[in-house]
Amino acid sequence: MRLRDLGITIGDGKPGAFNAITDVPGVRVGHHTLNAEHADRSMHTGVTVIEPRAVAAHLAPCFAGVHVLNGNGDATGLEWIREAGLLTTPIAYTNTHSVGVVRDALVAAEREMGQQHTYWCMPVVLETYDGILSDIWDQHVTAEHVHAALRDARSGAVQEGCVGGGTGMICHEFKGGIGTSSRVLSEEEGGWTVGVLVQANYGARGALRVAGYPVGSVLREVPSPYDGPVNVGVPGMGSIVITLATDAPLLPHQCTRLAQRASIGLARVGGGTEDDSGDIFIAFSVGNNGLPVANLGQPGAPTTALQMVNNDYISALFVAAADAVEEAILNAMLAANDLHGRGKTALALKPEQLLAALKQVGWAPHS
């Protein structure tokens with residue numbers, strides 16, 4: 001079940017065919033999910049990968065930009081994006097204690113593809129904390145799981161909810177995880193697509209808003225995974241990581257501006273104000289082809305012809321980014337299932353539960 005299946009729409013924009021980040025040409029998503037519950041161990045974690053183009057990223061770099069709303073989180077590869085404005089590897093999502101192994105596995109995957117014409121690669125790995133429901137200290141994720149996610153990468157419909165890196169995540173004290181959405185601009189606005197993939201693991205129940213309605217205020221009595229002893233964590237802790245993709249020909253500084261607009265979508269759902277949440281966003285553009293491939297010792301042409309979106313047309317992309325982020329977060333919650341781990345249960349936000357709460361605070365479906 002997704003948000004639009006319930007007759008709830010965010011903004012006036014039109015989604016793409018799959019209402020997913022994969023509506024951007026060439027973008028592919030893969031997951032590998034780890035789920036096991038034993039008497040002495042809970043394993044609910046995994047890896048999600050985003051491949052920016054249909055060819056290897058190091059052979060076809062993308063312009064990219066980064067925005068950090070709150071830095072209570074970890075990531076790899078972002079400094080080089082800030083410096084060079086280029087994304088040259090896949091992007092991976094996982095849990096906090098698996099960033100290193102995922103990063104190393106992506107380096108090994110580059111080596112296996114024959115990426116030896118440069119001295120190094122710096123993969124982008126983003127994380128959120130799943131230690132409420134999963135035994136995060138056991139570091140379950142291995143290199144083989146990363147390779148499995150890469151093999152699973154495909155275009156088309158994207159699995160959401162309790163999958164991949166989002167398997168053990170919590171959002172607004174409901175079960176969270178992976179969510180996606182997209183918007184296609186009109187021809188007058190440029191005709192470009194903006195797609196989003198989130199790993200949602202943040203937020204307090206009372207702050208939750210859907211389509212502007214304060215549904216969290218009437219859902220406070222739903223049991224929370226944070227109920228119980230103090231040492232299980234506090235509502236609002238966690239993080240959210242967001243990737244935005246577009247085929248609009250954006251330059252690096254424009255990608256950064258697009259990434260900043262993820263903050264607006266997050267704020268509309270009720271996030272972005274917690275000290276305990278790492279909120280890190282990356283945006284990339286596949287709109288310019290033929291960007292130079294690093295080839296040390298054999299430099300190519302000294303210049304590259306580029307296109308860019310004029311600022312008179314960029315606002316529509318910002319609107320699309322904010323709306324798609326908002327919808328992707330809610331899709332993550334609606335696609336999730338109840339999950340029990342480490343003696344705690346995160347309940348999914350049920351469609352009928354959401355509709356009842358919306359009606360209680362004054363929402364009515366469009367006729």
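What follows draws every value from the coordinates through simple rules; no lab data is involved. Note that the structure is a prediction, hence the values are computed from the model and not measured. With ideal geometry, Cβ positions are generated from the backbone for all residues, glycine too; neighbour counts draw on all protein chains shown.
A few notes on this one:
- Overall form of region 169-321 per C-alpha gyration tensor (a/c, 1.5; a/b vs b/c): prolate
- Where Rh is the Kirkwood radius over Cα pairs, Rg/Rh for region 47-121: 0.95
- Kirkwood hydrodynamic radius (C-alpha pairs) into Stokes-Einstein, the chain, 37 °C and 0.692 mPa s, D in µm²/s: 162
- Per-residue ³J(HN,Hα) for region 211-228, Karplus 6.51 cos²θ - 1.76 cosθ + 1.60, θ = phi - 60°, Hz, x for Gly and Pro: 6, x, 9, x, 5, x, 5, 10, 10, 5, 7, 5, x, 10, x, 8, 5, x
- Of the peptides 332-341, 71-80, the order by per-residue mean of other Cβ atoms within 10 Å, starting with the highest, comes out as 332-341, 71-80.
- Student exercise, the chain dipole from Lys, Arg, Asp, Glu Cβ charges, in Debye to nearest 20: 340
- Between the amide H of Asp74 and those of Glu127, distances stay under 5 Å, these residues lying 5 or more places away or on another chain, with hydrogens modeled in the peptide plane.
- Rg over Rh for region 260-337 works out to 1.14, using Cα positions for both radii and the Kirkwood form for Rh.
- Relative contact order for the chain, counting Cα pairs under 8 Å that sit 6 or more residues apart, in percent: 25
- Trypsin sites (Lys or Arg not before Pro) within region 134-234, DSSP loop, no more than 16 other Cβ atoms inside 10 Å: Arg220
- 3J(HN,Hα) couplings calculated from phi for region 233-246 with the Karplus curve 6.51 cos²θ - 1.76 cosθ + 1.60 (θ = phi - 60°) are, in sequence order, x, 10, x, x, 6, x, 5, 9, 10, 9, 10, 10, 10, 8 Hz; Gly and Pro show x.
- Value of relative contact order over region 1-130, rounded to a whole percent, pairs C-alpha under 8 Å and six or more apart: 22
- Computed from label points 7 Å out along Cα-Cβ, the spacing between Arg41 and His366 is 5.0 nm.
- Here the 3J(HN,Hα) profile of region 282-289, calculated from phi with Karplus coefficients 6.51, -1.76 and 1.60 at θ = phi - 60°, is 10, 10, 9, 10, 9, x, 10, 9 Hz, Gly and Pro shown as x.
- Neighbour-limited loop hits for GluC sites (Glu not before Pro), region 153-232 (at most 14 other Cβ within 10 Å; DSSP other than H, G, I, E, B): Glu221
- Built amide H within the under 5 Å cut-off of His172, gap 5+: Tyr202, Gly203
- Contact order normalised by residue count of region 58-213, Cα under 8 Å, 6+ apart, percent: 19
- Based on DSSP H segments of at least four residues, each scored -39500 (n - 2.57), the chain has a per-residue ellipticity at 222 nm of -6500 deg cm²/dmol.
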